[in-house]
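Report on one structure; see the data block that follows.
Any read-out appearing in this document is the output of simple, stated calculations on the displayed coordinates, not a laboratory observation. The model shown is predicted, which means the values in this text are computed figures rather than measured ones. Using ideal geometry, Cβ is built from the backbone for each residue, glycine included, and neighbour counts are taken over all protein chains shown.
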Amino acid sequence: MSLTRRVLVTGGAGFISSNFIRHLLWATPYEVVSIDALTYAGNLENLADVISHERLSFVHGDIRDPDLVRSLVAEVDVIVNAAAESHVEKSIAEGASEFVTTNVEGTQILLDAIRDTPVERFILISSSEVYGTALAAPMDEEHALNPRSPYAATKAGADRLAYSYFVTYGLPIVIVRPFNNYGPRQHPEKVIPRFVTQALSGEQLTIHGDGHASRDWLYVDDDAEAIEAIIEADVDDVAGEVLNVATGIDISVGEIADRVLETLGKPASLKVHVPERPGQVDRHIGSTEKARRLVGWSAHTSFDEGLARTVAWYRENETWWRALRAEPNVFSS
């Protein structure tokens, strides 16, 4: 492992990326450069405990700025592109324009920058949402891409654009498809923190449809370890590859609500069902074989353990999530 390796993490004030940055600073000797436009999804408070770290440089900027991107890329060895508009409900209600420009065009600008200034590897954080509803269980990396929301379609676009730069230009591209992350510092628009904060507030837990839709729930620290393992792997083993980051276990949204209420000692009567969301994905469960084979990674945090840690964090950080819930245009997800 190089002591001088510098890692650029885009969208660094977001949920997955801020936890990943914290992991890199605590578990590796890497220097980290982060850029974030600080939209609704990027909260500088997510980095409050590490923002002054001697190995972290933070840039307030946009990956859609080609000159800024080129200047940053020229100074790093590895890029982890986690910058994205990621709110499914927003992409449905407000349209896909911002999602296209950030998720697809932003990725294209980064990819063109590394054509001019090569890096050791470029890791795109894609999404399991590109698969749509599972046609087979578990879904492996060869599963058809059938995105069911504008958000998911833009992630699929970035995913395949990155792959094309591997095929066409021979760039060291790795595509990572994480399944549903949860954990500390996740925006309360997402389902697990939404349920936790609703329950802590004594509010009803709103469940889309009958709650049967299931997901493969991945604790965010496990995801961070997976991305680190991909950075550590021999580049010849991972360049051009797609890797699921998953647990291989799915749990329904209805059961998640039950577990949250049970953990917090709240009555089941707080559950309420609302109309199904357009473009809903019925089931997501990921194959874990390829990540284990290529980079030696497997998730190790059980859902019960991860949920307990998550609930404890939201209990202890009420000011953080209440401020986000008070902002306008926070959609449920």
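Observations, loosely collected:
- Spacing of the two label points (7 Å from each Cα toward its C-beta) at GLU75 and ALA239, in nm: 2.6
- Residue with peak Gaussian network fluctuation, the chain [Cα springs, cutoff 10 Å], from LEU307, LEU68, LEU261: LEU68
- Intensity falloff of region 219-263 expressed as log10 I(q)/I(0), Debye formula with alpha-carbon point scatterers, at q = 0.19, 0.33 Å⁻¹: -0.72, -1.13
- Once Rg and the Kirkwood radius are both taken over the C-alpha atoms of region 208-290, their ratio Rg/Rh works out to 1.12.
- Whole-Å distance, taken between Cα centres, linking region 153-188 and region 10-61: 19
- Percent of beta bridges antiparallel (DSSP, the chain, rounded to nearest 5): 10
- Three-way shape label, region 94-185, alpha-carbon gyration tensor, a/c 1.5: prolate
- Ordering ARG215, ARG283 by the number of other Cβ atoms within 10 Å of each residue's own Cβ, fewest first, gives ARG283, ARG215.
- Mean-square fluctuations from a GNM of the chain, with a 10 angstrom spring cutoff on Cα atoms, peak among ALA213, ALA226, ALA13 at ALA213.
- Gaussian network model of the chain, Cα within-10 Å springs - most flexible of ASP49, ASP36, ASP250: ASP49
- Here the chain is treated as an ellipsoid with the same Cα gyration tensor; its semi-axes, largest first and in whole Å, are 31, 22, 19.
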